[in-house]
Amino acid sequence: MKLWLWFGFLVFVWALVFVLSLGSGYTELNFADIWRQDSLTQTVVGEVRLPRALLATLLGAGLALAGGGIQGVFRNPLADPALIGISGGAALFAAIYIVFVSQIDFSLLGLSGSAFLGGLIATLLVLVIGGRQPDLSTILLAGIAINAICLAGVGLMSYLAPDQTLRSVSFWALGSFNHVGWAEVTVGLLVIPAMIRLISLSLVLDVLILGDQEAAHLGVSVIPRRIEVILWSALITGISVSLVGIIAFVGLIVPHLVRMTFSAKHVVVLPFSAIIGGGLLVAADLLSRSLLAPVELPVGIVTTLLGAPVFVILVARWSKGLWL
């Protein structure tokens with residue numbers, strides 16, 4: 001089947017999952033109910049489920065696309081935005097805000113701004129540690145170290161948090177859409193320019209895969225382009241963590257599966273990862289609301305349960321030299 005037909009099929013699957021997410025949950029609605037204009041439908045669908053599904057689509061697409069970009073830059077199919085400390089830094093600053101500031105003045109702007117600032121600082125620290133001529137191994141090691149420090153800080157914030165805020169910190173560390181409304185969707189739209197720019201860098205990523213010397217001979221400014229991809233990926237991941245917390249495995253698993261199934265060219269990997277990532281996170285949010293209804297699981301737990309077995313398989317293939 002031609003790639004454009006596959007892409008159309010994936011869009012159809014996303015649309016199907018999207019509609020199912022609008023009708024499923026503690027209050028079950030059929031297809032006809034979704035389009036009714038009564039007050040119950042307007043509240044359940046228009047104010048709760050629709051913004052959740054839209055934000056899950058945006059962030060799932062963004063995280064998967066960022067993961068594809070990071071994997072291309074590091075020439076490693078097991079790389080992930082969390083690997084360079086973005087998620088950990090954002091989660092740490094969000095936890096600090098929840099524990100020390102929110103009791104005085106809680107606001108979405110303050111929480112999101114704190115998380116985004118943390119992700120940005122973590123990314124800049126990784127680049128500074130990498131030096132003026134950063135190599136891949138240095139950046140990876142710096143990211144792993146900073147991510148570990150940040151996650152330890154989140155654990156410390158959980159220990160220091162009063163009982164009434166401990167649950168908020170926990171949900172932020174695990175990821176949750178249960179607070180999402182139209183304000184979060186509006187902020188989530190900021191990932192779209194970053195996604196468009198990353199897709200426009202597809203050919204550059206294909207050249208970077210060849211190696212630094214080969215890319216330089218072909219006219220690509222290796223270090224500026226590498227830093228640019230990292231920063232755009234940091235922007236997407238920082239916005240995601242600032243809105244819904246840490247969502248694991250989407251940026252790691254989806255791009256690799258696209259390479260295995262369709263093509264290793266980034267002009268295919270990035271857009272296909274975006275549509276699959278969007279659909280996957282909508283499905284994960286649906287499962288988080290449905291599995292133990294009326295209790296809602298953090299969506300990060302669902303993505304981990306879905307992604308961890310796949311990750312084990314990928315590591316096994318990697319150890320045998322089979323990365324595609």
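Right, Ser107: of a type in the set (Gly, Ala, Ser), modelled with pLDDT under 75 and within 23 Å of Leu190 (Cβ to Cβ) or not?
Values: of a type in the set (Gly, Ala, Ser): yes; modelled with pLDDT under 75: yes; within 23 Å of Leu190 (Cβ to Cβ): yes.
For Ser107, the condition - of a type in the set (Gly, Ala, Ser), modelled with pLDDT under 75 and within 23 Å of Leu190 (Cβ to Cβ) - is met.
Residues in segment 247-305 that are more than 22 Å from Phe7 (Cα to Cα) and without any contact (Cβ under 8 Å) to a residue 40 or more places away in the chain: Leu287, Leu291, Leu292, Val295, Leu297, Val302, Leu305.
Condition check for Leu210 on (1) modelled with pLDDT under 85; (2) surrounded by fewer than 24 Cβ atoms within 10 Å (Cβ to Cβ); (3) touching a Pro at 6+ places or on another chain (Cβ under 9 Å); (4) not hydroxyl-bearing (Ser, Thr, Tyr): one failure, at (3). Would segment 166-175 turn up any residue that is among the aromatic types (Phe, Trp, Tyr), touching a Gly at 6+ places or on another chain (Cβ under 9 Å), at pLDDT below 80 and within 30 Å of Arg49 (Cβ to Cβ)? Checked against the condition, which is being among the aromatic types (Phe, Trp, Tyr), touching a Gly at 6+ places or on another chain (Cβ under 9 Å), at pLDDT below 80 and within 30 Å of Arg49 (Cβ to Cβ), segment 166-175 yields at least one hit. Per the listing Ile253, Ile247, the residue uniquely of a type in the set (Val, Ile, Thr), within 18 Å of the chain's Cα centre (by Cα) and not in a loop (DSSP other than H, G, I, E, B) is Ile253.
The values are calculated or read from the model by the stated rules, or taken from the named source; none is laboratory data. Keep in mind that this is a model prediction, so the values were computed, not measured. Neighbour counts run over all protein chains shown; Cβ positions are idealised from the backbone, glycine included.
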